[in-house]
Amino acid sequence: MITVQQLSKSYSTTKGATIQALDGIDLHIDRGDIFGIIGFSGAGKSTLIRCLNRLEEPDTGSIIVGGQDIMLLKGKELRQARQKIGMIFQQFNLLDSRTVFGNVAFPLEVAGKSKAEIRDRVTDILELVQLSDKAGMYPSQLSGGQKQRVGIARALANDPDVLLSDEATSALDPETTHSILELMKDINRKLKLTIVLITHELDVLQHICNRMAVIEGGRIVETGTVDKFFIQP
Ligand code: ADP
Ligand code: ADP
């Protein structure tokens, strides 16, 4: 589903130094995987996942998603490819001026869907994430877990093939984390959605991932099944 080859990205600091955030990343993620990328702070996790939909612009490398090298796309083609890659964030990134319904409708409006299509789709997805009764509420009226459910619903609006999760449960308490991870498992199964997540928490990996990679200093240092890492012989 996703093949990353020789992906590199550096940042220039204000003091003129160069930071090699990603240094020749190779990664393969199969369709239907829940793939976890773990590493300490500063390892390059966030840069890597943001490169997968080109929120961050890599310096070199290729990123094949569903057979298409998204590094070669621009303009309308890139926007269309991005619609098939949903993303959720640690701080939810909801639009505070819009209701739950309005937040989930937003990507459908951008994609030019009709009012009737939007109404039906939003209704279905809010049911899937169990927020039907909150459609008219604003983000400020919701708990953290509910906000992340809205984030997930919005990410799923355009029926993506891939869901990227940037530390989606890091701001949540353990119980809420559990329910969000269960929801992610559920949509992985029901929608046959490939999930790529970054985390600094082993618990998260153990809970939902089948495959994982360890990133250190912008390089993948280990990759394999989660069982390989957690079941000792
Ligand atoms: P992680 O998500 O694992 O904490 P990041 O991808 O955020 O790691 O960061 C990787 C490295 O790149 C770190 O050394 C970080 O300080 C640096 N970095 C990240 N974003 C920027 C930026 N916008 N400008 C300069 N350096 C950055
Ligand atoms: P949780 O148990 O998920 O943490 P909360 O205890 O924060 O949720 O909220 C319980 C219920 O009250 C939820 O249904 C939530 O939507 C609602 N609620 C929370 N804060 C507000 C608010 N400021 N205004 C209206 N309803 C709220």
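The values are calculated or read from the model by the stated rules, or taken from the named source; none is laboratory data. A quick note: this is a predicted structure, and the numbers were derived from the prediction, not measured. A quick note on method: Cβ atoms are made from the backbone with ideal geometry, for glycine too, and the neighbour counts reach across all protein chains shown. Side chains included, ligands, DNA and RNA excluded: accessible areas come from the protein's heavy atoms. Shrake-Rupley method; radii C 1.70, N 1.55, O 1.52, S 1.80 Å.
Relative contact order of the chain: what whole-number percent is it, with Cα pairs under 8 angstrom and at least 6 residues apart? All intermediate terms of the calculation are to be shown ahead of the outcome.
Numbers: 423 pairs, mean separation 68.4, N = 233.
Computed over the chain, the figure is 29 percent.
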Based on DSSP, what percent of beta bridges with both residues in the chain are antiparallel, to the nearest 5?
-> 55 percent
Lysines with Cα under 20 Å of Lys190, excluding same-chain neighbours fewer than 8 positions away = Lys84
Added length on full extension, which subtracts the Cα-Cα distance from 0.36 nm per residue, Ser170 to Glu117 = 15.7 nm
For Ser8 and Glu127 in one chain, what is 0.36 nm times their gap in residues minus the Cα-Cα distance, to one decimal in nm?
-> 38.8 nm
What helix-only [θ] at 222 nm does the chain give? Using -39500 (n - 2.57) per DSSP H run of at least 4, over all residues, to the nearest 500, the answer is -10500 deg cm²/dmol
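Ignoring ligands, DNA and RNA, what accessible area per residue does the chain give at 1.4 Å, in Å²?
Computed with neighbouring chains in place, this is 50 Å² per residue.
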Quick one: Cα centre-to-centre distance for segment 96-125 and segment 155-233, in angstrom?
-> 26 Å
Packing-wise, with mean Cβ within 10 Å as the measure, how do 183-191, 27-35, 15-23 rank, highest first?
-> 27-35, 183-191, 15-23
Carbon and sulfur together cover what percent of the accessible area of segment 68-172 at a 1.4 Å probe radius?
-> 47 percent
What is the helix-to-structure angle for 115-128, meaning the angle in degrees between its Cα long axis and the longest Cα principal axis of the chain, kept from 0 to 90 and rounded to the nearest 10?
-> 70 degrees
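For Ser140 and Glu222 in one chain, what is 0.36 nm times their gap in residues minus the Cα-Cα distance, to one decimal in nm? Walk me through the intermediate numbers first.
On the way: separation 82, 0.36 × 82 = 29.52 nm, distance 4.05 nm.
Between Ser140 and Glu222, full extension yields 25.5 nm more.
According to the square roots a ≥ b ≥ c of the eigenvalues of the Cα gyration tensor, what is the shape class of segment 146-233, taking rounded for a/c under 1.5, prolate for a/b larger than b/c otherwise, and oblate for the remainder?
Values: a/c = 1.71, a/b = 1.54, b/c = 1.11.
Judged from the Cα gyration tensor, segment 146-233 comes out prolate (a/c at least 1.5, a/b above b/c).
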With no solvent term and unit scatterers on the alpha-carbon positions of segment 192-231, Debye gives log₁₀ I(q)/I(0) at q = 0.20, 0.25, 0.31 Å⁻¹ of -0.62, -0.94, -1.25
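Give the shape of segment 32-177 as rounded, prolate or oblate, defined through the alpha-carbon gyration tensor: a ≥ b ≥ c are the square roots of its eigenvalues, a/c under 1.5 means rounded, and otherwise the shape is prolate if a/b is larger than b/c and oblate if not. Don't jump to the answer; show the numbers that get you there.
On the way: a/c = 2.16, a/b = 1.25, b/c = 1.73.
Because a/c hits 1.5 or more and a/b fails to exceed b/c, segment 32-177 counts as oblate.
Of the listed pairs Lys9/Lys74; Lys185/Lys228; Lys9/Lys228, which have alpha-carbon separations greater than 25 Å here?
On the way: Lys9/Lys74 19 Å; Lys185/Lys228 20 Å; Lys9/Lys228 29 Å.
Over 25 Å apart, Cα to Cα: Lys9/Lys228.
Let me spell out the model: positive unit charges on the Cβ of Lys and Arg, negative unit charges on the Cβ of Asp and Glu, origin at the Cα centre of the chain. What dipole size does that give, in debye rounded to 20?
680 debye
Taking a ≥ b ≥ c as the square roots of the eigenvalues of the Cα gyration tensor of segment 8-98, is the shape rounded (a/c under 1.5), prolate (a/b larger than b/c) or oblate?
Details: a/c = 1.36, a/b = 1.18, b/c = 1.15.
Cα axes put segment 8-98 in the rounded bin.
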List the lysines whose alpha-carbon lies under 18 Å from that of Lys134, not counting same-chain residues fewer than 8 positions away?
-> Lys147
